[in-house]
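Structure first, commentary second.
The values are calculated or read from the model by the stated rules, or taken from the named source; none is laboratory data. Computed from a prediction, not measured in an experiment: that's the story for all the values here. Here the Cβ positions follow ideal geometry from the backbone for every residue, glycine too, while neighbour counts run over all protein chains shown. Quick note on the areas: whole protein, heavy atoms, side chains included, nothing else; ligands and nucleic acids left out. Shrake-Rupley method; radii C 1.70, N 1.55, O 1.52, S 1.80 Å.
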Amino acid sequence: MKPVRAQDQRWMEQAFRLARNGLGLTRPNPPVGAVVVKNNQVIGQGWHRRAGGPHAEIYALRQAGPKAQGATLYVTLEPCSTFGRTPPCVEAIIQAGISRVVVGATDPNPKHAGRGLRMLRRVGIQVTTCPDSTAARNLIAPFTCHQLQKRPWITLKLGLSLDGRIADYRHSSRWITGPEAREVVQAMRREADAVMVGAGTVRHDNPSLWPRPDKGRQPWRVIVAQKSPLPLSAQVFTDVHAARTIVAVPRGWHPTCARKIRATGATILELPASGFWRALMRELARRDILHVFCEGGGGIAGALLKANLVDELRIFLSPMLIGGPVGATGTTAWRLPQAPGFILRKCTPVGKDLLLKLTPKQKEG
C-alpha cells in the first residue's frame, strides 16, 4: 500500500465537506463525498444525494469527463463493487482511466469490505487508504452500526443547567439553552434519520420535532409511550408530517388511543414489554433508520443509558441553576461504581452555552 502524500489530506478533507451535504438524505446508504484531482487541481467533485441516485464518485467522474484519465480520485468510502440500485462505481472508475484512488474508509459491510479495493488493484490502479481514518469512521458511524449491530446509531442530546436539570419543577424547559444552541439543534435534527422523545416531552412541550428549515430532510419522529395515553392534539399528530410519526408502545397499550393515533396517519409500533428498547431499535433498523437523534426527556435518557444504547452524548450546558426534581436521567440512578462514564471529545462555546460532545467509555475505540 502506497503512503498517503502530503497534499492528500487536503483533498480528502474537501471530500468530507462534500459528503456532509448528504447527511440526513441518503438512508439507507451512508453519506459519501468524492473529488477528482489532476495536476493539483480539482476537475470533478460530488456527493451522494439520495438513495437510488448516482453515488458521489459518479457525480465527480461525470464532471471531470475525459480529463479523468490519469487523475486521482479521493473518496470518503470504499467504492461499491456490486450492483444495487445503481451499477458498481468500481467499473466506472476503471472505465474513466483513473490511475490512483485514495479512500477514507473501507466498506463496513463484511460481504463487501475490501472487495472494491482489490478489484481496482487487480487492474493496476494504485490504491491508498488514509492511515488516520477517524474522520471517515465518524462520518459513517451510523451506517457501520446499522450494518454490524443491526440497530441505529443513537445520539442523546440534553440541554442541562449547571446542576443537571432539564426543566424546572413545573416541567418547563423553555428555554434553558439560548437561541444559538437551538439553531445548532435544528442542524442536528437535519443530520438524523429519526428524532425521538418520550411521552412526557410531548405532553409538556408539544414539540413538532421537525427540523426548521428541513432543507429537504424528512426524518421520522419517534415517540415512546409506555404508560399513559398521548394527547391527540399534539403537533406530531396534527401537522402535515403526521405520517412521519411512529409511536412505540408496549403491547396492549391503550387500544382506543392507539386506534385514534392510527387514524391521523401515524404508525403504532407495539413491542414486547420485556426487551422493549432492543426490540424498538430492531424495528427502526428494519425501516432503514440509521441514525436516531434523541432529545429526551429524562425518562427516555435514563432508559437508553441503562440499556447501553447511547453511542454519542451531546450536552448543551447552560450557565444557570434551576434546582428541583427534573434531572437528566429521570428516576434512573446508579451507585457510583456502576455509573456510566464518558470521554470528552470536544467542547465548544455556542452563544451563552457550552456544547460537550462525549462518547461512552465502553465504546471507546
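For the condition out of contact with any Lys or Arg (no Cβ under 8 Å at 6 or more places or on another chain), farther than 21 Å from Leu290 by Cβ, of a type outside the set (A, V, I, L, M) and without any contact (Cβ under 8 Å) to a residue 24 or more places away in the chain, what is the one hit in Arg203, Arg170? Break it down stepwise before answering.
Working: Arg203 fails: without any contact (Cβ under 8 Å) to a residue 24 or more places away in the chain.
When all the criteria are applied, what remains is Arg170.
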Original post:
For residues in region 17-42 being part of a loop (DSSP other than H, G, I, E, B) and among the polar types (S, T, N, Q), which is farthest from Lys150 (Cα to Cα)?
Top reply: Asn39
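Collect the residues in region 331-352 that are more than 19 Å from Gly178 (Cα to Cα), open to solvent by 40 Å² or more (accessible area, probe 1.4 Å) and out of contact with any strand residue (DSSP E or B) (no Cβ under 8 Å at 6 or more places or on another chain), keeping them in residue-number order.
Step one: filter region 331-352 for residues more than 19 Å from Gly178 (Cα to Cα), giving 331-346.
Next cut, open to solvent by 40 Å² or more (accessible area, probe 1.4 Å) only: 331, 333-340, 342, 344-346.
Thr331, Ala333, Trp334, Arg335, Leu336, Pro337, Gln338, Ala339, listed by residue number.
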Original post:
Which number in (1) among the polar types (S, T, N, Q); (2) within 17 Å of Ala19 (Cα to Cα); (3) assigned to a helix (DSSP H, G or I) marks the one condition that Gln45 misses?
Top reply: (3)
**OP:** Examine region 290-312 for a residue that is open to solvent by 20 Å² or more (accessible area, probe 1.4 Å) and over 20 Å from the mean Cα position of the chain (by Cα), and state whether such a residue exists.
**Re:** yes
**OP:** Take region 187-213 and flag every residue that is closer than 21 Å to Ala167 by Cα, assigned to a loop (DSSP other than H, G, I, E, B) and of a type in the set (Gly, Ala, Ser).
**Re:** Ser208
Original post:
Which condition number in (1) more than 21 Å from the chain's Cα centre (by Cα); (2) surrounded by fewer than 16 Cβ atoms within 10 Å (Cβ to Cβ) is the one that Ala199 fails?
Top reply: (2)
Subject >> Those residues of region 28-46 which are farther than 14 Å from Ala64 by Cβ and surrounded by fewer than 24 Cβ atoms within 10 Å (Cβ to Cβ), in sequence order >> reply: Pro28, Asn29, Asn40
Original post:
If Asp193 passes every condition in (1) open to solvent by 20 Å² or more (accessible area, probe 1.4 Å); (2) modelled with pLDDT of 95 or more; (3) not basic (Lys, Arg) but one, which one does it miss?
Top reply: (1)
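If you check Ala273 against the conditions, is it of a type in the set (Gly, Ala, Ser) and open to solvent by 60 Å² or more (accessible area, probe 1.4 Å)? Let's see the steps before the verdict.
Values: of a type in the set (Gly, Ala, Ser): yes; open to solvent by 60 Å² or more (accessible area, probe 1.4 Å): yes.
Against the criterion (of a type in the set (Gly, Ala, Ser) and open to solvent by 60 Å² or more (accessible area, probe 1.4 Å)), Ala273 qualifies.
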**OP:** For Ala307, state whether it is of a type in the set (A, V, I, L, M, F, W, C), more than 15 Å from Trp220 (Cα to Cα) and free of Cβ contacts under 8 Å to residues at least 24 places away in the same chain.
**Re:** no
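One line per residue, one yes/no per condition, for (1) closer than 21 Å to Ala192 by Cβ; (2) touching a helix residue (DSSP H, G or I) at 6+ places or on another chain (Cβ under 8 Å); (3) among the charged types (D, E, K, R):
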| position | (1), (2), (3) |
| --- | --- |
| His254 | no, no, no |
| Arg259 | no, no, yes |
| Ala266 | yes, yes, no |
| Arg278 | yes, no, yes |
| Glu283 | yes, no, yes |
| Glu295 | yes, yes, yes |
| Gly299 | yes, yes, no |
